[in-house]
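The values are calculated or read from the model by the stated rules, or taken from the named source; none is laboratory data. Worth saying up front: this structure is predicted, and the values here are computed from it rather than measured. Counting neighbours? That spans all protein chains shown, and the Cβs are built from the backbone with ideal geometry, glycine included. Note: accessible area is taken over every heavy atom of the protein model, side chains too, but ligands, DNA and RNA are not part of it. Shrake-Rupley method; radii C 1.70, N 1.55, O 1.52, S 1.80 Å.
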Amino acid sequence: MHKTLRFGFSATVYLISASVLASAAEPVPAPKPLAVPGQKVSGDTVSIPAPKPMQGQNPEEAGSKSKEAKSCDLSGVDFESIPPVRGEFSGDAGCGIETPVRITGIERESSPVALKGSVTISCEFAKTFTQWLQSDVLPAAEKHFNGGIKSIATGPGYQCRRRNNQPDGKLSEHALGKAVDISGFSMLEGASVSVETDWGKDTPQGRFLKDIHKSACARFTTVLSPEGDEFHKSHLHVDIGCHGKTCTYLICQ
Ligand SMILES: [Zn+2]
C-alpha cells in the first residue's frame, strides 16, 4: 500500500538519549498570530465519540473539594486551573491529576481555536500539548488550509481507565492526565479533517495529518495513529508516558 511507504517511520520504537528528550521538551517561541480569514465559517462537521461515563471520570465529581487549584503557567491558552482530580475503578487506585487544567482553546489574534468539549489534563502535559498546537499544528494547518484551524475535536483527556479500555491492561496515560486523543479538525475555510477517513490520503487533509504526526513524534513520548493498531483507527493519541527503565524510549506509530 502507498501509505505504508509514506509512513515508513511507523511501528518504529526509537531509543534516544535523555538529553535529546529534554531538548524536545524545551520551551518554544510563542506562535505568530494567524491571519484573519475572510472566508465564511461553516458549521463543524467533525464529530468525536462521547466519552464513556465511568466512575471517577468526571473531574468535578472525583476531585477533592477541599483542595485548592494550583496555578499552571500556560501562555496563549484559554484554560482554568481546577482542584486535584481523583478517581479509581475496580478497586484500583492510581487515577488522578495533582495539578489539572481544563483547556478550552488556543488564543489567536482573530478568534481562539476552540478545543471542542474542553480537555482536562495535567499542567505538565498541558505545556507540551499546547506548545505542539501553537508551534506545529496551527502553522501546519495554515500551510494546507486558508485561514487555518477553527476548532479541534478531541477526547476529554483525563479518563480513569486502562489502556485501550482492555480489562486487564495497564493504567492508561489518560488516567494520569498525560494523554489526549484527537479525532479531527474544522478549518476556517470550511474544510474538515477526520483522522479516520483522511489518514494516509494524498489530499490537503492527509498531508496535514502526516505533518502533525511527524511533529508530534518530536515532542511526545507516545504517538499512535491509524498506522499503529486497531484501537487508533479513528484518532491520534499523544502522551508523555514513561517507556523503559529510564523513560527514554519513544513510540511513534
Ligand atoms: Zn488515547
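Quick one: which of LYS143, LYS150 is assigned to a strand (DSSP E or B) and open to solvent by 40 Å² or more (accessible area, probe 1.4 Å)?
Criteria check complete, one pass: LYS150.
Which of the residues spanning region 166-191 are more than 18 Å from THR120 (Cβ to Cβ) and in contact with a helix residue (DSSP H, G or I) (Cβ under 8 Å, 6 or more places away or on another chain)?
Across region 166-191, the qualifying residues are GLY169, LYS170, GLY184, PHE185, MET187, ALA191.
Step by step: first the residues of region 89-132, then only those that are part of a helix (DSSP H, G or I) and under 16 Å from PRO156 (Cα atoms), then the one that is farthest from the chain's Cα centre (by Cα). Which residue is that?
Per the stated criteria, the residue is CYS123.
Restricted to region 193-238, and to residues that are open to solvent by 10 Å² or more (accessible area, probe 1.4 Å), among the small types (Gly, Ala, Ser) and within 12 Å of the ligand (Cβ to nearest atom), which residue is modelled with the lowest pLDDT?
Checked region 193-238; the qualifying residue modelled with the lowest pLDDT is GLY228.
For region 179-192, what are the residues that are open to solvent by less than 20 Å² (accessible area, probe 1.4 Å) and more than 14 Å from the ligand (Cβ to nearest atom)?
GLY184, PHE185, SER186, MET187, LEU188 - these are the residues of region 179-192 that are open to solvent by less than 20 Å² (accessible area, probe 1.4 Å) and more than 14 Å from the ligand (Cβ to nearest atom).
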